[in-house]
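The values are calculated or read from the model by the stated rules, or taken from the named source; none is laboratory data. These numbers were taken from a predicted model, which means no experiment stands behind them. Cβ: placed from backbone, ideal geometry, glycine included. Neighbour counts: every protein chain shown. Side chains are part of the model used for accessible areas, which takes the heavy atoms of the whole protein and leaves out ligands, DNA and RNA. Shrake-Rupley method; radii C 1.70, N 1.55, O 1.52, S 1.80 Å.
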There are 2 protein chains.
Amino acid sequence: MSDDLWVWGSNATEPRILHAMIRVADLERSLGFYCGALGMRKLVQHDVPAGKFSIAFVSFSSDYESGAIELTHNWESPANDEGYSHGSGYGHIAIGVPDVPGTCARLRSAGIDITVEPKILFPGGPSLAFVKDPDGYSIELIQTSRDYPGI
Amino acid sequence: MSDDLWVWGSNATEPRILHAMIRVADLERSLGFYCGALGMRKLVQHDVPAGKFSIAFVSFSSDYESGAIELTHNWESPANDEGYSHGSGYGHIAIGVPDVPGTCARLRSAGIDITVEPKILFPGGPSLAFVKDPDGYSIELIQTSRDYPGI
């Protein structure tokens, strides 16, 4: 028995949220966004020829204790050029970053679409912005440090 | 300036994943599932008449340090009986629970649909199962304690 199979823990007494899974058309492209641009790291990647899919877990942490995103790439789909549909139900994944405008500037210079420019909803409150990942999934950025101007 | 506006932190130096947002047709029904059945707690609820929406954050933690789910209820939508569409891209939100079969039995007795019964993918590994929330969002349950049989 290998603990590699129990990466999310093997002696927990309480439940916790582990990750959100999204399907991506091009795993390397998505890793470029989540790891290269956003600064996450790839915790693991499994390529499963029998099932014709690959999965990778990415997180800002180096372990599995903090939140993660599971990127699933089905090798043979989607078959059309439109990629996956997003529906009307799922909204976004939110990421806290110390400096929202700085992060947006960095992402923009990497060619990433800023869909909602940094704004402050309440005076004295944090800034937020929205960007799109390569598959069009919406990512919210929320300011988590007062040491930066919000806009 | 109130720290109520900085619940996700005001002096962070590193980014982290905060939450996933989903739109729900009936907020009370969803709170019944995530809090009543799954055992999360409601961190906060904001009702915004000007925007005709309510949002609630639910988490297994009592603070905003661990992962959370943001439930958004638009008071006037969806207008049809079909509710929100889920698309083909978003997959699921994964929750680690010590005892997957026990959790499924408890959820089933509460009338919740178990879409994939507990199973073990690899010998010696954890059990997993899938359930649906009231809006049909897929929730994966992953076993995080060896103290329980996986199936």
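So for the range A:138-146 (the condition being open to solvent by less than 40 Å² (accessible area, probe 1.4 Å), acidic (Asp, Glu) and touching a helix residue (DSSP H, G or I) at 6+ places or on another chain (Cβ under 6 Å)), does at least one residue qualify?
Looking only at the range A:138-146, we keep the residues that are open to solvent by less than 40 Å² (accessible area, probe 1.4 Å), and these are A:138-145.
Next, only the ones that are acidic (Asp, Glu) stay: A:140.
With the extra rule that they be touching a helix residue (DSSP H, G or I) at 6+ places or on another chain (Cβ under 6 Å), the set shrinks to none.
Among the residues of the range A:138-146, not one is open to solvent by less than 40 Å² (accessible area, probe 1.4 Å), acidic (Asp, Glu) and touching a helix residue (DSSP H, G or I) at 6+ places or on another chain (Cβ under 6 Å), which makes the answer no.
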* All but one of (1) touching an Asp or Glu at 6+ places or on another chain (Cβ under 8 Å); (2) at the interface with chain B (Cβ under 9 Å from one of its Cβ atoms) hold for A:Ala56, so report the exception by its number. => (2)
* Asked: Does the range A:122-133 contain at least one residue that is under 29 Å from B:Thr144 (Cβ atoms) and either more than 7 Å from chain B (Cβ to nearest Cβ) or outside any strand (DSSP E or B) (or both)?
  -> yes
* To do: Looking at (1) charged (D, E, K, R); (2) within 29 Å of B:Trp6 (Cβ to Cβ); (3) more than 7 Å from chain B (Cβ to nearest Cβ), find the lone condition where A:Glu14 falls short.
  => (3)
* To do: Looking only at the range B:80-108, count how many residues are out of contact with any Phe, Trp or Tyr (no Cβ under 8 Å at 6 or more places or on another chain), modelled with pLDDT of 95 or more and more than 9 Å from every other protein chain (Cβ to nearest Cβ).
  => 5
